[in-house]
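Read the figures in this text as sums done on the coordinates, not as results from a lab. Model, not experiment: these values are computed from the prediction. Note that we place each Cβ from the backbone using ideal geometry, even for glycine, and neighbour counts take in every protein chain shown.
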Amino acid sequence: MNIVTCTAPVNIAVIKYWGKRNEALILPINDSISASLDVAQLCAKTTVMSCPTFDSDRIWLNGREESIDNERLQSCIRNIKRQGTLSTGMEKWKVHICSINNFPTAAGLASSAAGYACLSTALAKLYKVNNDISAIARTGSGSACRSVFGGFVRWYMGVDAEGTDSIAKQIVPASHWPEMRIIILVVDDLRKKISSAIGMQRSVQTSELLRYRAEHCVPKRIEEMHQAIIHKNFEKFAELTIKDSNQMHAVCLDTYPPCSYLTDVSHAISDLIHAYNNAVHSTKVAYTNDAGPNTVLYLLEKNVPEIVGVLQHFFPPGNDQNIDYIRGNLPSGIIPSKN
Ligand code: DP6
């Protein structure tokens with residue numbers, strides 16, 4: 001029997017991926033940038049086993065067996081088996097997969113990103129794949145390619161029709177900007193109504209703003225963000241993060257029928273952050289939302305106590321708008337097991 005265990009981090013985009021040019025290969029219409037979060041706090045952990053006596057591939061998610069006949073899962077497993085360099089008959093052994101998340105699934109916290117990054121890395125080790133793992137993770141879920149690395153990561157959209165150059169690369173490790181912190185405000189941990197995959201497909205089909213964004217806004221913004229990270233320019237980083245999140249949600253509303261992921265509480269949080277930044281005459285906190293109501297704040301360590309105080313004052317425990325806080329750092333990336 002062969003066994004491999006890996007953990008992989010959740011990543012939160014600061015320049016968003018929203019829209020595919022090729023649905024089957026999961027090729028995006030623009031580059032995106034994210035930071036991977038502390039694996040100890042928010043991660044997927046996956047164990048893969050292959051054995052000559054297993055008679056079928058099987059998967060368990062958070063302790064419950066799920067169907068393996070999921071198109072994306074199949075494509076990921078197929079890709080890895082095809083690229084594997086095992087040659088002793090072991091490549092034909094069936095595989096059992098057990099994956100757990102330690103955070104609310106499908107609440108806009110990119111559970112599929114950590115999950116597919118982890119699965120791809122574990123399977124790639126099991127089948128001895130030497131090719132780019134981010135490209136394999138991408139075929140499970142686009143944003144998963146960024147969770148293959150720690151620190152700040154850029155997914156290059158690529159130009160190749162087959163997607164061979166649509167891969168993620170680390171911009172800098174987390175140690176480059178050790179003062180960076182995140183606070184996740186869990187507004188609602190229920191499953192989102194419209195999945196990212198459906199939402200972005202609908203945006204590609206109907207939103208003129210999405211086309212404008214991909215052609216005229218993101219190309220400039222992505223380079224500015226890349227430089228802001230390299231030069232640790234927090235004000236610029238924060239401004240771009242906020243603008244890009246708001247533009248993605250503007251695209252969602254420009255979509256027909258519209259996808260609205262934010263709630264009154266999400267909007268109240270962004271209003272509060274703007275009021276705070278305005279009061280201190282500096283952009284000390286950035287907020288961003290993925291395809292769900294939960295808000296992620298990026299800020300520097302020295303400002304955490306004050307911001308937490310402000311949040312607790314305006315959203316006190318026991319209030320109707322009660323929100324949970326998860327605090328974290330930026331970590332190092334995927335941790336493979338010893339075996
Ligand atoms: C809003 O990677 O979940 O989080 O490729 O269809 O699986 P699929 O979509 P997914 O989309 C994530 C979109 C986002 C923004 C981002 O992470 O860049």
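Roughly how many nanometres apart are two label points built 7 Å out from the Cα toward the Cβ at Lys169 and Ala279?
4.3
Can you work out ³J(HN,Hα) from phi for every residue in the stretch 8-24, in order, using Karplus 6.51 cos²θ - 1.76 cosθ + 1.60 and θ = phi - 60°, giving whole Hz and x for Gly and Pro?
Result, ordered by residue: 9, x, 5, 10, 10, 6, 9, 10, 7, 8, 8, x, 10, 8, 9, 5, 5 Hz.
Taking 7 Å along the Cα-to-C-beta vector as the label spot, tell me the Arg211-Tyr156 distance in nanometres, rounded to one decimal.
Inter-label distance under the simple model: 2.8 nm.
What residues have an amide H closer than 5 Å to that of Arg21, excluding those fewer than 5 places away on the same chain, when H is modeled at 1.01 Å from N in the peptide plane?
When sequence neighbours closer than 5 places are left aside, the close amide H contacts are Leu27, Ile29.
Which order results if Glu208, Glu66 are arranged by neighbouring Cβ count within 10 Å, fewest first? Could you put the intermediate results ahead of the total?
On the way: Glu208 9, Glu66 14.
If I rank by nearby Cβ atoms, fewest first, I get Glu208, Glu66.
Order of 133-142, 163-172 by packing, highest average Cβ count within 10 Å first?
Working: 133-142: 25.6, 163-172: 18.9.
Final packing ranking: 133-142, 163-172.
Can you compute 3J(HN,Hα) from phi for each residue in the stretch 71-79, using the Karplus curve 6.51 cos²θ - 1.76 cosθ + 1.60 with θ = phi - 60°, rounded to whole Hz and x for Gly and Pro?
Result, ordered by residue: 3, 5, 5, 4, 5, 5, 5, 4, 4 Hz.
Name the cysteines of the chain that stand alone by the Cβ rule: no other cysteine Cβ under 4.7 angstrom.
Within the chain, the cysteines lacking a partner Cβ under 4.7 Å are Cys6, Cys43, Cys51, Cys76, Cys98, Cys118, Cys145, Cys217.
Would you look at the GNM of the chain, springs on alpha carbons closer than 10 Å, and say which of Ser120, Ser245, Ser143 moves the most?
Ser245
Whole-Hz Karplus ³J(HN,Hα) for the stretch 232-248, in order, using 6.51 cos²θ - 1.76 cosθ + 1.60 and θ = phi - 60°, x for Gly and Pro?
After applying 6.51 cos²θ - 1.76 cosθ + 1.60, I find 6, 8, 5, 4, 5, 4, 5, 4, 5, 4, 5, 4, 6, 4, 5, 5, 4 Hz.
Which cross-chain or sequence-distant (5 or more) residues have an amide H under 5 Å from the amide H of Arg58, H modelled 1.01 Å from N in plane?
Answer set, sorted by chain and number: Val95, His96, Ile97.
Would you list, by chain and number, the lysines whose Cα falls below 25 Å from the Cα of Lys128, excluding same-chain residues fewer than 8 positions away?
Excluding near neighbours in sequence, the set is Lys45, Lys81, Lys92, Lys94, Lys169, Lys338.
What 222 nm value per residue comes from the helices of the chain, counting each DSSP H run with n ≥ 4 as -39,500 (n - 2.57) and dividing by all residues, nearest 500 deg cm²/dmol?
-10500 deg cm²/dmol
Tell me, what does the Kirkwood hydrodynamic radius of the chain come to in angstroms if you use every pair of distinct C-alpha atoms? Intermediate results must be reported in sequence, preceding the final value.
Numbers: mean 1/r = 0.0491 Å⁻¹.
One over the average 1/r among Cα pairs gives 20.4 Å for the chain.
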